[in-house]
1. Please report, to two decimal places, log10 I(q)/I(0) for region 7-113 at q = 0.23 Å⁻¹ as given by the Debye formula with identical point scatterers on the Cα atoms and no solvent.
2. If you bin the C-alpha pair distances of the chain every 5 Å from 0, what whole percents do you get?
3. Select from region 1-88 those chymotrypsin sites (Phe, Trp or Tyr not before Pro) which occupy a DSSP coil region and have at most 12 other Cβ atoms within 10 Å, ordered by residue number.
4. Would you grab the residues whose amide H sits under 5 Å from the one on K225? Only those 5+ places off in sequence or on another chain, please, with H modelled 1.01 Å from N.
5. Counting only pairs 8 or more places apart or on different chains, how many lysine pairs in region 7-113 have C-alpha atoms closer than 23 Å?
6. Mind checking which lysines have their Cα closer than 23 Å to the Cα of K145? Skip sequence neighbours fewer than 8 apart in that chain.
7. About the Cα centre, and with charges only on the beta carbon of Lys, Arg (+1) and Asp, Glu (-1), how big is the dipole of region 9-129? Nearest 20 debye, please.
8. If you build a Gaussian network model of the chain, linking Cα atoms that sit under 10 Å apart, which residue out of D41, D132, D26 swings the most?
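We did not get these values from a lab; they are worked out from the coordinates using the rules stated. The model shown is predicted, which means the values in this text are computed figures rather than measured ones. Every residue, glycine among them, receives a Cβ derived from its backbone with ideal geometry; neighbour counts consider all protein chains shown.
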Amino acid sequence: MVNALMERILVKFTKINNIKFISHLDTMRTLNRAMRRAGIDIMYSCGFNPHANISVAAPLQLGIESVSEYADINIQSTVDLKKFKDSLNNALPLGLKIVEAVKIEGKKPSAMGSVAAASYSIKMKAMKTTEDEIKKVIENIMSQKEIVRLKRTKSGEKDVDVRSFIIDIKYVDLCEEELSLRLLLRTGSRGNISPQMVTEIIEDFSNKSICNAHSIVREEIYAQKNEKLIDLCSYLLGE
């Protein structure tokens, strides 16, 4: 039986600094504990082993920071969104911070089921190479009809053509051998590629003159509507 007072809250949160080294499962546990400490009346599943009704849109790989994570949270009573956000932030550790909380009304798809792509900013070491040479490497990658890599799937490891999962690689800046790039990658159940795999592809195509991705930050998660990518919050709000 569905609670008539149930509200679905979509939260957008950061996962930065040392908190990037905790696993997805530990992130879920941390959010759950914080909500209990904040006195938020979260819903739990039924059965012998009930669990908190929290669902993160796109689990983040260990060691990657993010300024734009999303989670669906179902609660059993109406809430003031500002109080909800403030009380939850007071209970969260440094590095995890709620930056936005909105109510999702009506029959909207889940955040997890809506994910189509994600953008990342990355920093890599670029040794003895120029801006023009870097741009040629990017052009070469993007001009490929296929790029086959060994990828872990539900049925085990196998060779997969990942080229279609790389939507865009954009040159941003080169300063004292530190290269900044922006990646736009397919993410979600219909196909995905990790930013780490893309940095390995960049290394290979540059003959290792571009290497050592020492910073990866997820900037945004997108849904897709009529061939257009829309940030997840705007999509679920119907904007």
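1. -1.42
2. Whole-percent P(r) values from 0 Å outward: 1, 6, 13, 16, 16, 15, 12, 9, 6, 4, 2, 1, 0.
3. F48
4. Those lying under 5 Å, H to H, from K225 are I230.
5. Lysine pair count for region 7-113: 23.
6. Counting by Cα, and skipping residues close in sequence, K145 has these lysines nearby: K135, K136, K158, K170, K208, K228.
7. Dipole magnitude for region 9-129 comes out near 380 debye.
8. Ranking D41, D132, D26 by mean-square fluctuation puts D132 first.
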